[in-house]
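*Asks:* The structure that follows is given in the form of structure tokens.
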Amino acid sequence: MDANKNIQQITDYVQKKFSTDAGGHDFYHMQRVAKLAKAIACKEHADVFVTEAAAWLHDVGDHKLFPDPERALEEMNQYLYTLDMAEEQISLINQIIAEISYSKGVRIPDSIEAKIVQDADKLDAIGAVGIARTFAYGGSKGQLMYDSAYPENTSFQHFYDKLFNLKKMMHTTYAKQLAAERHKFLEIFAKQFLHEWDTEQI
């Protein structure tokens, strides 16, 4: 198996699938997650190829992004079977995708590879890029940035509903280190955002 060639083909597939997304789940999100996952996999002595491949594909079939998630996964698998990959690798990639979703609730994935992809995905949700993605996604759904009278359905509320919780949900040592740094920036931004939003302070 030529791992580099397979990763490049998977990258090309993902670029076609996500190139037009404007809500924070674009090709560059997949690229960042794949890069983070590969780095963590090397440190954790995990299966680097499967980890990186699953990271590239982790949002395929996401109900927020695909009108027919099952069909999207079926098409993905049809493509993977055209590559020089073992069936066990394809099966593990599918298992990782199924296990890492935040929306399915707090769960600990079975494999180290899945834990790594989940860590990498969560890392891209916090820090400066994570903040930008939060507001990009909210804007794509017609959501207000913030409303002090009704904050529940605003993009900023997502900080409290999800982002501030992610640091303590990391599995691997390296991800925990990166999350601590990004979490600090998240807290600084949130404090400054509320300060600037409050026009009575001007």
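The values are calculated or read from the model by the stated rules, or taken from the named source; none is laboratory data. Fair warning: this is a prediction, and the values are worked out from it, not measured in the lab. Neighbour counts are summed over all protein chains in view; Cβ atoms, including those assigned to glycine, are modelled from backbone coordinates with ideal geometry. Surface accessibility is based on the protein's heavy atoms, side chains included, excluding ligands, DNA and RNA. Shrake-Rupley method; radii C 1.70, N 1.55, O 1.52, S 1.80 Å.
*Asks:* State the number of residues belonging to the stretch 85-104 that are more than 18 Å from residue 25 (Cβ to Cβ) and not in a helix (DSSP H, G or I).
*Replies:* Matching residues across the stretch 85-104 total 2.
*Asks:* Here's another thing I want to ask about it. Quick one: which of 148, 155, 91 is of a type in the set (Ser, Thr, Tyr), farther than 23 Å from residue 35 by Cβ and in contact (Cβ under 8 Å) with a residue 40 or more places away in the chain?
*Replies:* Unique residue meeting the criteria: 148.
*Asks:* Let me spell it out: the conditions are (1) under 29 Å from residue 48 (Cβ atoms); (2) surrounded by 15 or more Cβ atoms within 10 Å (Cβ to Cβ); (3) free of Cβ contacts under 8 Å to residues at least 60 places away in the same chain; (4) within 14 Å of the chain's Cα centre (by Cα), and residue 169 meets all of them except one. Which number is the exception?
*Replies:* Here residue 169 meets the rest and fails (3).
*Asks:* Hey, another quick one. Pairs under 7 Å by beta carbon, first residue farther than 13 Å from residue 175 by Cα in the stretch 17-39, partner small (Gly, Ala, Ser) and in a helix (DSSP H, G or I), six or more apart or different chains?
*Replies:* Qualifying pairs under 7 Å: 22/136; 22/140; 23/136; 23/140; 24/136; 34/55.
*Asks:* Looking at residue 68 and the list (1) within 20 Å of residue 121 (Cα to Cα); (2) free of Cβ contacts under 8 Å to residues at least 60 places away in the same chain, which single condition is not satisfied?
*Replies:* Here residue 68 clears every test but (1).
*Asks:* Okay, moving on. Consider residue 99 carefully, then state whether it is open to solvent by less than 50 Å² (accessible area, probe 1.4 Å), modelled with pLDDT of 95 or more and on the phi < 0 side of the Ramachandran plot.
*Replies:* No.
Every residue, every condition in (1) farther than 19 Å from residue 115 by Cβ; (2) under 15 Å from the mean Cα position of the chain (by Cα), yes or no:
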| residue | (1), (2) |
| --- | --- |
| 8 | yes, no |
| 11 | yes, no |
| 16 | yes, no |
| 23 | yes, yes |
| 30 | no, yes |
| 47 | no, no |
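*Asks:* For the stretch 130-166, what are the residues that are of a type in the set (A, V, I, L, M) and surrounded by 15 or more Cβ atoms within 10 Å (Cβ to Cβ)?
*Replies:* The answer is 131, 136, 163, 166.
*Asks:* Which members of the stretch 6-30 meet the condition of being of a type outside the set (Val, Ile, Thr) and farther than 17 Å from residue 77 by Cα?
*Replies:* 19, 21, 22, 23, 24, 25, 26, 27, 28, 29, 30
*Asks:* Ok, one more. Of the conditions (1) out of contact with any Asp or Glu (no Cβ under 9 Å at 6 or more places or on another chain); (2) open to solvent by 20 Å² or more (accessible area, probe 1.4 Å); (3) of a type in the set (A, V, I, L, M, F, W, C); (4) closer than 23 Å to residue 136 by Cβ, residue 65 satisfies every one except a single condition; which number is it?
*Replies:* (1)
*Asks:* Here are some conditions: (1) surrounded by 13 or more Cβ atoms within 10 Å (Cβ to Cβ); (2) farther than 26 Å from residue 37 by Cβ; (3) of a type outside the set (Phe, Trp, Tyr). Residue 191 meets all but one. Which one does it not meet?
*Replies:* (1)
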